[in-house]
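Notes follow once the structure below has been shown.
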Amino acid sequence: MSWFTDARFGLFVHWGIYAAAARHEWVKSYERMDDEHYQRYFDHFDPDLYDPEVWADDAWNAGMRYLVVTTKHHDGFCLWDSALTGYKATATPYGKDLLRPMLDAFRARGMRIGLYHSLIDWHHPDFPIDLYHPQRDLGEDGARDVGKYADYLHGQVRELLTGYGPVDMMWFDFSYPGRGMGAKGRDEWRSEQLEAMVRELQPGIMINNRLDLGSGDFMTPEQVMPPGGVPGHVPWEACQTLNGSWGYDRDNLDWKSPQLLLSMLVDTVSKGGNMLLNVGPNARGEFEPRAVERLREIGRWTRLHGRAIYGAGASGFTPPQDCRYTQRGDRLYLHLLNWPMKHVHLAGLAGRVKYAQFLHDASEVRFLEVDPHEPGHAYLRGVPEDTLILQLPVTRPD
Ligand code: FHN
């Protein structure tokens, strides 16, 4: 799993025929669409501008070092040429496998591969209707056989793990928050068997915690940052959107600024986690301009400051207010999330800091050593960066 903590920053891609609806990847459920109504998106799906080389360049240049892509989302539509269904990209007007060229392009840049795969499926005839199913108002359908659906689920995962090269992570989704009508879990998915098959087919693969195998869906704060323990001892990942929507959402106006996105990345790594940042491509096969702009701005920062992110993690020091620390080896990186600041109080570091420099240009930062009034006082001269890092050669706290 060292690749995971080295990578720290990944691209999440939510793509499928829901991109044509252009309002949410749950649109079939939210609007209770039947298959006939939703078929319009399948029949008109032809992403003629799709070029995964461009996607991979945009991701790499943003500083992203791995990909997680939705092979199948909840609507049941498959990006790859599955032999187990006709509900797939190769049967749409586009007519080709979307997954293989994507994985090839990202691997060619040295990026690791994660496959998102939905455990729920609103298209499969044997997937039992539950509280989220588009046809939930019609009530349960006793003819549906969840065992047959589980066979399909396992069969498709087998296809993905035997036909598309080395896979570094399986990202199963979704977890029912409760046990309401038709909620499913480890028994319905046959999760132990599925996990064993995944590990047999791709030894060393990482599997996320949504197979309902008891690891819990969400880590507690104590797990993330154990009191007095080694922070970040369990690899974890925060997945985030650019605008509150996973799928392409044309009219969405809630876009996060590059500064906020960078602060989220820094905050996540400072707690020992990874950030998986999502893009929802449109139905022509492109990242929309608002997404591309943000990836490029993020890339301008990671190009200069990536040393404070890749392979870095939580530090045992308490950062000053509005700051975060990330640490890699004996390098402590101080991230100022609000700027300007006339001086910064480096609590607990008095006598430990051998040299300080700005990371963006490696220029020395002059700072006061142990100040009798405020030990570890540091003065920072005016700088252009708004997310600033000092590279402080320092040993870990004992
Ligand atoms: O229901 C999905 C949702 O559409 C999206 O894929 C997210 C991504 O983490 N996972 C589920 C909600 O937790």
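Tell me the residue from D58, D97, D121, D145 that is within 16 Å of the ligand (Cβ to nearest atom) and either in contact with a Lys or Arg (Cβ under 7 Å, 6 or more places away or on another chain) or among the charged types (D, E, K, R) (or both), please.
None of the other options fit; the residue is D121.
Kindly indicate the residue of the range 133-142 that is assigned to a loop (DSSP other than H, G, I, E, B) and out of contact with any helix residue (DSSP H, G or I) (no Cβ under 6 Å at 6 or more places or on another chain) and also farthest from the ligand (Cβ to nearest atom) among those meeting that condition.
Checking each candidate, the answer is G142.
Quick one: would you say R210 is within 24 Å of W15 (Cα to Cα) and of a type in the set (K, R)?
Against the criterion (within 24 Å of W15 (Cα to Cα) and of a type in the set (K, R)), R210 qualifies.
Evaluate the following for W26: is it touching a residue at least 24 places away in the same chain (Cβ under 8 Å) and either more than 21 Å from R158 (Cα to Cα) or over 26 Å from the mean Cα position of the chain (by Cα) (or both)? Full working, then the answer.
Numbers: touching a residue at least 24 places away in the same chain (Cβ under 8 Å): yes; either more than 21 Å from R158 (Cα to Cα) or over 26 Å from the mean Cα position of the chain (by Cα) (or both): yes.
Spelling it out, W26 is indeed touching a residue at least 24 places away in the same chain (Cβ under 8 Å) and either more than 21 Å from R158 (Cα to Cα) or over 26 Å from the mean Cα position of the chain (by Cα) (or both).
Can we say H37 is surrounded by fewer than 19 Cβ atoms within 10 Å (Cβ to Cβ), touching a helix residue (DSSP H, G or I) at 6+ places or on another chain (Cβ under 7 Å) and closer than 23 Å to A21 by Cβ?
For H37, the condition - surrounded by fewer than 19 Cβ atoms within 10 Å (Cβ to Cβ), touching a helix residue (DSSP H, G or I) at 6+ places or on another chain (Cβ under 7 Å) and closer than 23 Å to A21 by Cβ - is not met.
Does T162 fit the bill of being in contact with a Leu (Cβ under 9 Å, 6 or more places away or on another chain), free of Cβ contacts under 8 Å to residues at least 12 places away in the same chain and surrounded by fewer than 16 Cβ atoms within 10 Å (Cβ to Cβ)?
Answer is no for this residue.
Within the range 157-178, identify whether any single residue is more than 16 Å from the ligand (Cβ to nearest atom) and at pLDDT below 85, and answer yes or no.
Among the residues of the range 157-178, not one is more than 16 Å from the ligand (Cβ to nearest atom) and at pLDDT below 85, which makes the answer no.
A quick yes/no check of all residues on (1) away from the ligand (no atom under 16 Å from the Cβ); (2) at pLDDT 95 or above; (3) among the hydrophobic types (A, V, I, L, M, F, W, C); (4) crowded, with 16+ Cβ neighbours inside 10 Å:
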{"site": "C78", "(1), (2), (3), (4)": "no, yes, yes, yes"}
{"site": "F106", "(1), (2), (3), (4)": "yes, yes, yes, yes"}
{"site": "H117", "(1), (2), (3), (4)": "no, yes, no, yes"}
{"site": "D126", "(1), (2), (3), (4)": "yes, yes, no, yes"}
{"site": "L131", "(1), (2), (3), (4)": "no, no, yes, no"}
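Does L67 satisfy the condition of being within 16 Å of the ligand (Cβ to nearest atom) and not basic (K, R)?
yes
Within the range 294-333, can you find the residues that are touching a Lys or Arg at 6+ places or on another chain (Cβ under 8 Å) and aliphatic (A, V, I, L, M)?
A308, I309, A312, A314
What number of residues in the range 25-40 are within 16 Å of the ligand (Cβ to nearest atom) and over 20 Å from L115 (Cα atoms)? If you could, list the steps in order and put the result at the bottom.
Looking only at the range 25-40, we keep the residues that are within 16 Å of the ligand (Cβ to nearest atom), and these are 25-31, 33, 38.
Filter once more, keeping what is over 20 Å from L115 (Cα atoms): 27-31, 33, 38.
The number of residues fulfilling the criteria is 7.
Counting only residues that are within 16 Å of the ligand (Cβ to nearest atom) and among the hydrophobic types (A, V, I, L, M, F, W, C), which one in the range 179-196 is farthest from V146 (Cα to Cα)?
A183
The values are calculated or read from the model by the stated rules, or taken from the named source; none is laboratory data. Remember, it's a predicted structure, so these values are computed and weren't measured experimentally. Here the Cβ is made from the backbone with ideal geometry for all residues, glycine too, and neighbour counts use every protein chain on show.
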